[in-house]
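The values are calculated or read from the model by the stated rules, or taken from the named source; none is laboratory data. Bear in mind that the values here come from a model prediction, so they are computed numbers and not experimental data. Positions of Cβ are backbone-derived with ideal geometry, glycine not excepted, and every protein chain shown enters the neighbour counts. In case anyone asks, the SASA skips ligands and DNA or RNA and just uses the protein heavy atoms, side chains included. Shrake-Rupley method; radii C 1.70, N 1.55, O 1.52, S 1.80 Å.
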Amino acid sequence: MKQLFLMSTSGCHLCEVAAGILISSMDPALYLVDEVDIADDDALVERYGVRIPVLVDEASGAELGWPFDQERLLAFLSSLPEEQDA
């Protein structure tokens, strides 16, 4: 299962829209998405403050920045490297 993070913050309308796209487009058996509130970390605010929402793949660090729709999301997911067994 791939671990992804949705960089967002409270009250971000675009983050809510992005979360809706993720929920309707992704198979929960294949992807685990955790929402990260960037307001809790100064480094995350510095990195993502003007770019949220951003979807980040934990393994590769690949990022999908806003704006994205279902088509761009699925293309991003298919471009991620396959997981290696430990």
Hey, does region 54-61 have a residue that's acidic (Asp, Glu), under 9 Å from the mean Cα position of the chain (by Cα), surrounded by 15 or more Cβ atoms within 10 Å (Cβ to Cβ) and not in a helix (DSSP H, G or I)? yes
I'm told Pro67 meets every condition in (1) surrounded by 13 or more Cβ atoms within 10 Å (Cβ to Cβ); (2) in a loop (DSSP other than H, G, I, E, B) except one. Can you identify the failing condition by its number? (1)
Here the residues within region 14-45 that are in contact with a Ser or Thr (Cβ under 6 Å, 6 or more places away or on another chain) and either assigned to a strand (DSSP E or B) or open to solvent by 70 Å² or more (accessible area, probe 1.4 Å) (or both) are Glu35, Asp37
Residue count for region 68-86, restricted to those that are in contact (Cβ under 8 Å) with a residue 12 or more places away in the chain and not small (Gly, Ala, Ser): 10
For region 70-86, which positions are of a type in the set (Gly, Ala, Ser) and assigned to a loop (DSSP other than H, G, I, E, B)? Ala86
